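Here's the structure we're looking at; comments come further down.
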Amino acid sequence: STVVSIDTHTAIFGYYGRFNGGLLSIISYIILYYAFASNIVNVEKILKTIIVSSLFVILWAIPGHFEHDLTCLLFTGRFNNSCWDNTTLAFRPELRAFSTLGQPNWLGAYLAVTFFIGVYFLLKNQISKIKDQNDRSNIKNFGWTNFFPSVYLFLNFSMILFSRSRSAIFAVLIGLMLFIGYYLFFIKTNVKKIIVILLVVTIVPILLFKTGEDKIDKFLKFPITNNQSPNRSPITNNQLSTTSTNVTESFDIRKIVWEGAWKLALKYPLFGTGVETFAYSYNFIRPIAHNLTSEWDYVYNKAHNEYFNYLATTGFVGLGAYLLLIITFIIFVVSRHRRDQNKLLTLSLFCSWLTILITNFFGFSTTTIQ
C-alpha cells in the first residue's frame, strides 16, 4: 500500500501532526514487540508499571472535572479551565475529561485497557490463599493489596464515565460480561465474592456519576437536596450535543464517513489509496451529506473506524491481513485455555485487548493504543 500510495511521503512517515500509522511507525512497533518478546521479562512488574502510570493520568484529570485543571496551572499559572478552547466540546475538561491523552475518547480507550489489568491484580489477591493464617503481617498485607486495586478500579471506571466516551464504557461492559462468563465456567474460585466485587466497582460509579446517556440515566436519578448545586449535576451526551448550536450527533457523522470509506475501497479495492492517506482520498468521494453536518469544514484524516480506515487506505488485502491477525490470536487463546497455567492473567489481558477492538470500531488507534 505504501508503494502504490497516492502520496508516498505520507504513507512512509504518517499524516503530519500525528505521524502514527505510517510505514515507519508500524515498523517501529514491530521492533518494539520483538525487543520485548525476545527478552526474559517480569510481566507483573510491567503490568504494575502500567497501572501506576495510568493512575497518574487519572489523578491529573480529576481537578479539571471540577474546573481546576492542572495543565492550565502548569502553563498559565491559573488554577482553572480557562486555558482550553471552549468553542469545541473536545477541550472542555469540566464536561469531558481527557487528561494527558489529548481527547476524551482517547482517554477512555486507554483506561478501558488498563481497567482489566487492574481486575487481574484485584482477583489475583482474592483467589490466592494466605499460607500462614497466624501471621498477622501476611493478613495485613493481604488487606492492603486488596484495597489498592479496588480503589484503582473505582477511580479508573469513574474517569471513563467522566470522559463520556460511549465506546469505552461499552467496551468495558462487554469485556466484563466475557470475563464473568469465562470465570464462572472455567476458573470457579470464590465466584460469588468475585462477581460482587466487579459489580461494585462498576455500578457504584455509574450511580454516582451516571453514564451520560439520557435513556439510561433517567433510571438512575436521585432526589436533589436543597444544598446540592444544580450546576454540578452530571453532564449527559444530549446536553453535550446542545451545548453548541446545531451540532450534528457524532455517530451520524461517523456513518457518513464510513460510507465514504466504503466507496474508496470499491474504487481502490486491492491495496487502497495508501497508508495514512485518508485525509486526501476522502475528498475524492466525499458524500454530499457531509456538507450538511456541523463538521462540514473539518479535515478527516481518519475514517473514525479502524477497520474502515484500513479498508480505505490498504484495500481488501490490508483489511484482510488485519482481520487475519485478530482471528488468529483469538483462535490461539481459545485453543490453549485448558492447559493454560495462568488463566486469570490470560483472561484479563485478553479482555484488555478486546476493548481495543471495540473502541477502534467507533474511533481509531492513536500511538498509545497502537
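The values are calculated or read from the model by the stated rules, or taken from the named source; none is laboratory data. All figures in this text were calculated on a predicted structure; none of them were measured in a lab. Neighbour counts are summed over all protein chains in view; Cβ atoms, including those assigned to glycine, are modelled from backbone coordinates with ideal geometry. Surface areas here come from the heavy atoms of the whole protein model, side chains and all, with no ligands, DNA or RNA. Shrake-Rupley method; radii C 1.70, N 1.55, O 1.52, S 1.80 Å.
Please specify each residue of region 21-35 satisfying the condition of being closer than 18 Å to Gly272 by Cα, out of contact with any helix residue (DSSP H, G or I) (no Cβ under 6 Å at 6 or more places or on another chain) and either open to solvent by 90 Å² or more (accessible area, probe 1.4 Å) or assigned to a loop (DSSP other than H, G, I, E, B) (or both). Listed by number, the list holds a single entry, Gly21. Looking at Val317, Val333, Val299, just one residue is among the hydrophobic types (A, V, I, L, M, F, W, C) and exposed (fewer than 13 other Cβ atoms within 10 Å of the Cβ), and that residue is Val299.
If you go through region 36-49 and keep only what is exposed (fewer than 15 other Cβ atoms within 10 Å of the Cβ) and under 20 Å from the mean Cα position of the chain (by Cα), you end up with Ile46, Lys48, Thr49. Taken over region 17-35, the criterion of being of a type in the set (Ser, Thr, Tyr) and within 23 Å of the chain's Cα centre (by Cα) is satisfied by Ser25, Ser28, Tyr29, Tyr33. Quick check on region 96-120: of everything there that is aromatic (Phe, Trp, Tyr) and either without any contact (Cβ under 8 Å) to a residue 40 or more places away in the chain or over 22 Å from His304 (Cβ atoms) (or both), which residue is surrounded by the fewest Cβ atoms within 10 Å (Cβ to Cβ)? Among those residues, the one meeting the criterion is Tyr120. Elements of the type helices (runs of 4 or more DSSP H) sitting completely within region 263-370 and holding at least 1 residues that are over 20 Å from the mean Cα position of the chain (by Cα) and within 21 Å of Asn105 (Cβ to Cβ): these cover 278-285, 306-335.
How many residues does region 63-86 hold that are surrounded by fewer than 18 Cβ atoms within 10 Å (Cβ to Cβ), among the hydrophobic types (A, V, I, L, M, F, W, C) and part of a helix (DSSP H, G or I)? Final tally of qualifying residues: 4.
Table: residues versus (1) modelled with pLDDT under 85; (2) open to solvent by less than 30 Å² (accessible area, probe 1.4 Å); (3) assigned to a loop (DSSP other than H, G, I, E, B).
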{"site": "Thr189", "(1), (2), (3)": "yes, no, yes"}
{"site": "Pro205", "(1), (2), (3)": "no, yes, no"}
{"site": "Phe219", "(1), (2), (3)": "yes, no, yes"}
{"site": "Thr225", "(1), (2), (3)": "yes, no, yes"}
{"site": "Asn231", "(1), (2), (3)": "yes, no, no"}
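Criterion applied to Leu240, Leu311, Leu264 was being open to solvent by less than 50 Å² (accessible area, probe 1.4 Å) and either modelled with pLDDT under 90 or in contact with a Pro (Cβ under 9 Å, 6 or more places away or on another chain) (or both), and the one residue passing it is Leu240.
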